[in-house]
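Please treat every number below as a calculation from the coordinates, not as lab data. Here the structure is a predicted model, which means the values were calculated and not measured. Note that each Cβ is placed from the backbone with ideal geometry, even for glycine, and that neighbours are counted across all protein chains shown.
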Amino acid sequence: MKSVKKAMAILLAAICVLSCLTVCLFVFAEDGETEHTHNYVPVTVIRPTCTEEGLIRYICSCGAVDESQDTPIAATGHRWGPWTIIEEATTEREGLKERTCINDPSHKEYKTIEKVQPSEFSQFFQNIIARFKALFDRIFSLFYRD
């Protein structure tokens, strides 16, 4: 009984192998080759960035490529986020602010912030302090001479 089952399994395997060989010979034989019609579909092969354009290439399922239909994709350009102040401006020095590109966070733009102009009251107050300091220095120099 075991030998009959074994013989049947071998026979079935041989039939499968012969069937596969017959199909393969028909498909891959030069005379029996069927004509393939390319069906190109657009595939984005290079994604555009903020500064560089991308590329759409037309590729068939068989792997054939039609480079004559290559289509460039325009660069996206920067999409800037809001300005963030890095360093506040004062009356003595300029400040600094930056903004980041939403498309590519590695792209940043920096701008200086102009010095803050002192108010009239502030200028008046600074003048008074400067005069008192000069007066103090003069009085001090009268009493402490080297």
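Listing for the model above:
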item	result
Under the Karplus curve 6.51 cos²θ - 1.76 cosθ + 1.60, θ = phi - 60°, whole-Hz ³J(HN,Hα) for the stretch 89-97, x wherever Gly or Pro sits	7, 10, 6, 9, 9, 6, x, 9, 9
Order of Thr51, Thr37 under a 10 Å beta carbon neighbour criterion, fewest first	Thr37, Thr51
Cβ-based exposure ranking for Ile102, Ile129, in which fewest neighbours within 10 Å come first	Ile129, Ile102
